[in-house]
Every structure is written in C-alpha cells, then in structure tokens.
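Asks: My questions all concern the structure below.
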Amino acid sequence: MNEVVIVSAVRTAIGRRNGALSGMRADDLLAKVLRGLVDRVKLDPAQVEDIYCGVVTQVGEQGFVLPRIAALTAGFPLETPGITVNRQCGSSLTAINLAAGSIAAGYHDCLIACGCEIMSKFPIAAEWFGLKLADGREAGIPWGPGYMKLTGGQFVDQGQAAEMIADKWGLSKEELDAFSLRSHQRAARAVEEGRFKREILPLEVTLPDGQKTCFERDETVRPDTSMEKLASLKPVFGTRIITAGNASPITDGASAVLLMSLAKARELGLQPRARLVTCAVAGADPVMMLTGPIPATQKVLKKAGLSIKEMDEIEINEAFAPIPLAWGKELNPDWEKVNPNGGAIALGHPVGNSGCRLTVTCLHELERTGGRYGMITLCTGGGMAPATIIERMD
C-alpha cells in the first residue's frame, strides 16, 4: 500500500447565517478554496487527478457535480474531474477517507478532498422538502415504510435525538451550557491569539449591504456569552433542554486538503505535513442517531493500534453539546486536547464542509503545538460516523 500524506490544507473563515458568505455561489466559493489550496504549495493543477467533495444539500447551485464546476471555475484544466459525496454531516471527512483509500490502493497519486455548504441558501432537507414530481404529486420523503418499521415507527429530528442522548447519559442542561460556554471561550482565545490565521484563506467578499471586505475571521464566535445568557435561551425542537446556545448555528463555509502518495510528494519536491494513519466508519441507532462517534472512535483507535491517551489533538464535531459529552463519558479523553480551539457550537457547522474543516484545524493545531497524533470524528444524520487519525510529519 502507498503511504498517504497531506501536503496542503486550507479553509475559509466560517460565515454566519445571512453573513459574509451567504451571497456567494457555492461553485465560486469552492473555486477560490481549490485555487488557494494548490497555490500555497505552487502545484500545477494538472497534477490533480480527481476532486472528492462533501456536499449534503445537493440542490440548485450546490447541485450537479459541484467540484467539477468549481475546478473549471478555478482555472484547473478541462481534464480535471470531480465527484460529490454525501454522508450527511460526515460527507467531507468521508471524501478524505475515500480519497486516501484510492491513493493507498495505488489507483491515484494526487487528489483533492474538500467540502462546501452554504446553509444560508440551502437549508437541510431543501433537496426534497416540498419537491414535486413532473405530474404535480409530492415527491415524498426519504424514509419509507421499511425504514420506519426498523425504527419502530418513530421519526425523531436531530435536536430531539440530542436530548435523548442527554437523558441516556445523565447530562443536565447546566452541563450542556457549561460545555457550550467553554467552546466559545476557547474559540475566542484562538481568534485573539491568531491560531486560525494559517489555516484560513482570506477572501474578498461582498456583504449583504453591498460593502466589499476581506473576510478572514469566523463570524459566530461569541466572546461575551455567559452561563446566564445561555440559561435564558428557550428550548427548541420541541425539547426541554436543547437551545440555540448548546447547538451549532447555521453557517456557510468551504475547506480542502491536498492528498498525495508519499512518493508523489517527494517526486514533486513537496513537504508532507501529515500522514493518514487509518480511518473507519460506524453505524449506530438510527433513532438516537448521533451516537456514531463512540463506536467510530473505538474502531479507528483499534485499527491504528493506538489509545485515546495517545491522541495529542481531537476534533469531535459539536453539532449539539450532548454528543461530545456522551462520547467523553464512554472514551474518557483528556478534555484539554479535545476541541482546544473551540468547536461547532462556537464556530458553526456548515454540514458538508465540517469534516474537512475539522481536519484542516486538527493539522494546524498539531503543527502549532508539536503534537504527533490527531483524530477527527463527527456524527451524521441516519446514525453513522466516520473517523480519521492523522500523524504530523516533521
């Protein structure tokens, strides 16, 4: 098998709902990221054999084959292909894992894995909710009778699933809010100390009011939040304890990593920054649905022959606060190494983008601290979770 390495990794700053990125087309946004990714290492785009892109809501401007259109928009050769990947919130981490597997198998030597989602324009379920067939009938929902039979006839949305997790693991509203406060505090510290500067690609954007600006700072971090403010928020999703404060906000963003075989990187004179140690994916209860990171973490650690204590940096997505907290009760990590620069509760969760964004952040944090191993995982709709371990290279 070929050794798979990351030689470039970049992301946009994350835009809040109807914020700095909301007016952009997805293909234009992703094109800027693809161009920035290769330009940072002075790579001829003709070397890129394919582009794997995580996109959840594949409709409208995010439809067709987004990475193909974005690559051509970015000035890549006409011969550059692309493919979209949808594993819900795990889409772009899955894109990384699929690309890594193809390189390891020897099918390719140089691939881009990326993610993009503009949730301000395309909310979750926009690709089917209200959709009509050519004859005017409702197109229907994805969950048919066979699936509903497996779930006992239950349809639970993700906010309700998050509360079910909180109840099962005995997590109080105060614990959820305290975790959320820490996410904002860590993210605010990271922004203040400039920890994200190397990973963020500055973009010239046009704001909703028509003003042009250089966008290079995540928009949803709240340095002034407090337990009192979080406690004052009303529950959402028909729950008792899930609020906008302990859930990730609707956001926009894109990110990408450049993957190569080690031999190809050396041939091109490029410095490998990390190697892909291994990856895994797990299924979980489709009703509670968001517990997948627990078995995915156990799986990927076993495959790597490593323990949770050997991870120097862990990025677990904070779709809702109960998810990492329940995961932590099962895995017992060092919390100082878990989302040290804040997570999605503070930074946002552009669903198709998040897995790749977490990987970009994990790599840069390993480089900042001199750590060796990093792990990335996130839950997905439908009860699944991918996980990946990377190792920093000197």
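The values are calculated or read from the model by the stated rules, or taken from the named source; none is laboratory data. No experiment lies behind these values; they were computed from the predicted model shown. With ideal geometry, Cβ positions are generated from the backbone for all residues, glycine too; neighbour counts draw on all protein chains shown.
Asks: Can you report the number of residues in region 6-28 which are under 30 Å from ARG266 (Cα atoms) and either in a helix (DSSP H, G or I) or of a type outside the set (Val, Ile, Thr) (or both)?
Replies: 3
Asks: Quick one: in region 190-209, of everything that is under 17 Å from SER255 (Cα atoms) and not hydrophobic (A, V, I, L, M, F, W, C), which residue is nearest to the chain's Cα centre (by Cα)? So that I can check it myself, show each step before the final result.
Replies: Of region 190-209, the ones under 17 Å from SER255 (Cα atoms) are 195-205.
Within this subset, residues satisfying the condition of being not hydrophobic (A, V, I, L, M, F, W, C) are 195, 197-199, 202, 204.
Details: ARG195: 18, LYS197: 18, ARG198: 18, GLU199: 14, PRO202: 19, GLU204: 23 Å.
Taking the candidates together, the pick is GLU199.
Asks: Quick check, is GLU79 touching a helix residue (DSSP H, G or I) at 6+ places or on another chain (Cβ under 9 Å), among the acidic types (Asp, Glu), surrounded by 15 or more Cβ atoms within 10 Å (Cβ to Cβ) and more than 21 Å from CYS362 (Cβ to Cβ)?
Replies: no
Asks: Continuing with this model, one more query. Taking region 203-233 on its own, how many of its residues are over 16 Å from ARG16 (Cα atoms) and surrounded by 12 or more Cβ atoms within 10 Å (Cβ to Cβ)?
Replies: Adding up the residues that qualify gives 7.
Asks: Is there a residue in region 18-34 that is in contact with a strand residue (DSSP E or B) (Cβ under 7 Å, 6 or more places away or on another chain) and of a type in the set (Asp, Glu)?
Replies: Checking region 18-34: not a single residue is in contact with a strand residue (DSSP E or B) (Cβ under 7 Å, 6 or more places away or on another chain) and of a type in the set (Asp, Glu).
Asks: A further question on this structure: Does any residue of region 18-29 turn out to be in contact with a helix residue (DSSP H, G or I) (Cβ under 7 Å, 6 or more places away or on another chain), surrounded by 19 or more Cβ atoms within 10 Å (Cβ to Cβ) and among the charged types (D, E, K, R)?
Replies: yes
Asks: A further question on this structure: Out of all the residues in region 30-55, which are surrounded by 19 or more Cβ atoms within 10 Å (Cβ to Cβ), in contact with a Pro (Cβ under 9 Å, 6 or more places away or on another chain) and either over 16 Å from ALA256 (Cβ atoms) or among the β-branched types (Val, Ile, Thr) (or both)?
Replies: Within region 30-55, VAL38, VAL48, ILE51, VAL55 meet the criteria.
Asks: Next up: In region 234-258, how many residues are touching a Phe, Trp or Tyr at 6+ places or on another chain (Cβ under 9 Å) and either surrounded by fewer than 24 Cβ atoms within 10 Å (Cβ to Cβ) or of a type in the set (A, V, I, L, M) (or both)?
Replies: Going through region 234-258 one residue at a time, the tally reaches 2.
Asks: Then there is this: Between residues in region 19-33 that are within 12 Å of PRO350 (Cβ to Cβ) and of a type in the set (Gly, Ala, Ser) and residues that are outside any helix (DSSP H, G or I) and at pLDDT below 95, which pairs lie under 7 Å by C-beta distance while being six or more apart or on different chains?
Replies: Pairs found: SER22/PRO208.
Asks: Considering only region 143-166, I want to know if a residue exists there that is assigned to a helix (DSSP H, G or I) and touching a strand residue (DSSP E or B) at 6+ places or on another chain (Cβ under 6 Å).
Replies: Yes.
Asks: Given the options GLY342, GLY305, name the one that is buried (at least 24 other Cβ atoms within 10 Å of the Cβ) and either under 22 Å from ALA9 (Cβ atoms) or out of contact with any Cys (no Cβ under 7 Å at 6 or more places or on another chain) (or both).
Replies: Residue meeting the stated conditions: GLY342.
Asks: Let me spell it out: the conditions are (1) over 21 Å from SER8 (Cα atoms); (2) surrounded by fewer than 19 Cβ atoms within 10 Å (Cβ to Cβ), and GLY106 meets all of them except one. Which number is the exception?
Replies: That leaves (1) as the condition not met.
Asks: Now a separate question. Could you tell me whether any residue of region 53-73 is assigned to a loop (DSSP other than H, G, I, E, B), free of Cβ contacts under 8 Å to residues at least 40 places away in the same chain and hydrophobic (A, V, I, L, M, F, W, C)?
Replies: Yes, there is a match, as at least one residue in region 53-73 is assigned to a loop (DSSP other than H, G, I, E, B), free of Cβ contacts under 8 Å to residues at least 40 places away in the same chain and hydrophobic (A, V, I, L, M, F, W, C).
Asks: Restricting attention to region 287-331, report how many residues are polar (S, T, N, Q) and assigned to a loop (DSSP other than H, G, I, E, B).
Replies: The first filter runs over region 287-331 and keeps only residues polar (S, T, N, Q), leaving 291, 297-298, 307, 317.
Of the ones still in play, those that are also assigned to a loop (DSSP other than H, G, I, E, B) are 291, 307, 317.
Within region 287-331, residues that are polar (S, T, N, Q) and assigned to a loop (DSSP other than H, G, I, E, B) number 3.
So that you can scan it fast, the table gives a plain yes or no per residue for (1) among the polar types (S, T, N, Q); (2) touching a strand residue (DSSP E or B) at 6+ places or on another chain (Cβ under 6 Å); (3) more than 24 Å from GLN160 (Cβ to Cβ):
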position: ARG186; (1), (2), (3): no, no, yes
position: PHE196; (1), (2), (3): no, no, yes
position: LEU201; (1), (2), (3): no, yes, yes
position: GLU216; (1), (2), (3): no, yes, yes
position: SER226; (1), (2), (3): yes, no, yes
position: ALA244; (1), (2), (3): no, no, no
